[in-house]
1. Which residue, of Ala259, Ala231, is more than 18 Å from the chain's Cα centre (by Cα), touching a residue at least 12 places away in the same chain (Cβ under 8 Å), surrounded by 19 or more Cβ atoms within 10 Å (Cβ to Cβ) and assigned by TED's automatic domain parsing to the domain that holds Ala184?
2. Of (1) modelled with pLDDT of 90 or more; (2) more than 20 Å from Gly145 (Cα to Cα), Asp47 satisfies all except one. Which?
3. Taking Gly151, is it of a type outside the set (Lys, Arg), assigned to a helix (DSSP H, G or I) and touching a strand residue (DSSP E or B) at 6+ places or on another chain (Cβ under 8 Å)?
4. Would you say Lys251 is basic (Lys, Arg), in the same structural domain as Asp174 (by TED's automatic domain parsing) and part of a loop (DSSP other than H, G, I, E, B)?
5. Taking the residues in region 89-117 that are charged (D, E, K, R) and crowded, with 17+ Cβ neighbours inside 10 Å as candidates, determine which candidate is modelled with the highest pLDDT.
6. Scan region 48-73 for residues that are in contact with a helix residue (DSSP H, G or I) (Cβ under 7 Å, 6 or more places away or on another chain), free of Cβ contacts under 8 Å to residues at least 24 places away in the same chain and not hydrophobic (A, V, I, L, M, F, W, C) and jot them down.
7. Exactly one of (1) of a type in the set (D, E, K, R); (2) farther than 30 Å from Phe172 by Cβ; (3) in the same structural domain as Gln233 (by TED's automatic domain parsing) is unmet by Arg84. Its number?
8. Sort through Ala190, Ala162 and tell me the only one that's in a helix (DSSP H, G or I) and either at positive phi or modelled with pLDDT of 95 or more (or both).
Amino acid sequence: MNQVNEFDMIVPVNAHPKSVLRFEKPLVELENQIAKLERVQKESRTDCTAEIQRLRNELVKLTTEIYQSLSAWEVVQVARHPGRPVLRDYVELMVKNFCELHGDRYFGNDRAIVTGLGRIGREKVMVVGHNKGKTTHEKIACNFGCAHPEGYRKALQKMKMAEKFHLPIVCFIDTPGAYPGIGAEERGQARAIALNIREMFLLRVPIIGIVIGEGGSGGALGIGVGDRMAALQFSYYSVISPEGCAAILWKKAEKAAAAAEALKLTSEDNLMLGMIETIIPEPLGGAHRNPYETIHNVEAYIIRTLRGLQRYKIENLIENRYKKYRRMGQITYTTNEPEPGNPNDEQKQLLCPL
């Protein structure tokens, strides 16, 4: 079965080759025109200022229009963009004095999950996050962000350490899902994720979770329990990847776009459904066009949220954390059939906890 490649290689005149999403082609063409005019103006000393400004205004307008009307499947493609900042970028630009902690004390060190101590703003924190890697070698070494059970055990151990030293925990979620190999299942993949979910409810420190790219399946939930959950504007958070859903329901990968719409996986959908509390804005054209501003926005959110959480007593924090997740999965629907024994009741609201 042939997979549709969502990326085309386009070489802007003023940049290195990069992958460009199909709906971004008009933007790249405008960028190339601007770059050519700037080069002509520099080399021939011809005044092209007015035309360059006109094209820049057109670029801003077109970028705004495109990114305000993205479909769910297009949001997924933006979340997977190879130029999007990954965990290592956040650590390098945002976390001061980062000291990485390795290993799960049982089997090994899973590079798909990175843990360590550091400082964000003035706050000392424990950082836990999925690591996708940047280069091909790094991506292979960390399984493209798909963690093994030892990765989740490492994460839990370091979160327990944070609890011991009264340090808040910041989790960066960016994975298509947990590693699906037979070895991972034999070493207790499902149990490791389930144990993390249970124990994170009981940790006596503030927890912040942020979806910075992909938030897929149980792989995301393994470090996805928090007092506050946020997602970047063009990230997604879902029970399954669109391709996985399409393969199960339609047996066709080409149905991934339809699956993405049905899954309600965008940040706006997640906010409406109560899965997250905050959408962190991305720069115009997505995080891959301006990683520095994206990381600055995330840093500001973390600092602001940590200060707010520190006002709560830890007992109240844990109780609220539990209640928040218990409310999820409740569906309200209406039936026009009168309730037996009460014929005047024309509508009845039912709450169905899943």
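The values are calculated or read from the model by the stated rules, or taken from the named source; none is laboratory data. Everything numeric in this text was worked out from a predicted model, so none of it was measured. Here Cβ is always computed from backbone atoms with ideal geometry, including for glycine, and neighbour counts include all displayed protein chains.
1. Numbers: Ala231 fails: more than 18 Å from the chain's Cα centre (by Cα).
Within the list Ala259, Ala231, the selection yields Ala259.
2. Unmet condition: (1).
3. yes
4. Working: basic (Lys, Arg): yes; in the same structural domain as Asp174 (by TED's automatic domain parsing): yes; part of a loop (DSSP other than H, G, I, E, B): yes.
For Lys251, the condition - basic (Lys, Arg), in the same structural domain as Asp174 (by TED's automatic domain parsing) and part of a loop (DSSP other than H, G, I, E, B) - is met.
5. Taking region 89-117 first, the residues charged (D, E, K, R) are 89, 92, 96, 100, 104-105, 110-111.
Subset that is crowded, with 17+ Cβ neighbours inside 10 Å: 89, 104, 110-111.
Working: Asp89: 94, Asp104: 86, Asp110: 87, Arg111: 91.
Filtering region 89-117 for residues that are charged (D, E, K, R) and crowded, with 17+ Cβ neighbours inside 10 Å, the one modelled with the highest pLDDT comes out as Asp89.
6. Listed by number, the residues that qualify are Glu51, Arg56.
7. Arg84 satisfies every listed condition except (2).
8. Ala162
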